[in-house]
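Notes follow once the structure below has been shown.
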């Protein structure tokens, strides 16, 4: 019996990449079909459901179980505050099945249809305006000035919504000055984030 020729390392890598691409495209097609079917039935909302194993990336885990919508892939519904909010940088963007950050190069998350009862138009409008104000990024210059002159008291942390650590700074003189200096350098380098995880603008 003739032996099969041994494949080179490059051939194996190419074959694996082709399989990843095929899986990714297949899941994207499944997502498109699911979206089309749900919208045809009048279901614009769904619950993001992740597999939850070791191959699930951190971005999918962060958004697992949250209510999303087909007409806007950048928001999720905050059930506690009852408003739509922008997804943080730690959350997966797009819809289930569209991500390429998971281990095998394709997202295995699924969209489960969700019956969502909207509130009155007046309540929705007021909460929409409020959420838009909340979604505006904090000023980097304002945070820098507050940190420079009142950083020892944690005022800059109160400003960006970090109330807990703000109280800690107030009681410890900015963590004996070290926390104050660390935050000042973080603001100057652009790595300082607000309580929502967003960078300052």
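By average Cβ neighbour count within 10 Å, what is the ranking of 44-51, 161-168 from highest down? Mind dumping the intermediate values first?
Numbers: 44-51: 18.5, 161-168: 14.9.
Output ranking for 44-51, 161-168: 44-51, 161-168.
Modelled this way, with points 7 Å down the Cα-to-C-beta line, the labels at residue 148 and residue 80 are 3.4 nm from one another. Taking segment 135-154 and a reference point 7 angstrom along Cα→Cβ of residue 89, the backbone N atoms nearer than 19 Å belong to 135-144. Pair-distance distribution P(r) for segment 140-189, from all Cα-Cα distances in 5 Å bins starting at 0: 5, 28, 39, 23, 6, 0 percent. At q = 0.17, 0.21, 0.28 Å⁻¹ the log10 of I(q)/I(0) for segment 19-78 amounts to -0.69, -0.99, -1.21, computed by Debye summation with a single uniform scatterer per C-alpha, solvent ignored.
No lab work stands behind these numbers, since they all come straight from the coordinates. All of these numbers come straight from a predicted model, not from anything done at the bench. Using ideal geometry, Cβ is built from the backbone for each residue, glycine included, and neighbour counts are taken over all protein chains shown.
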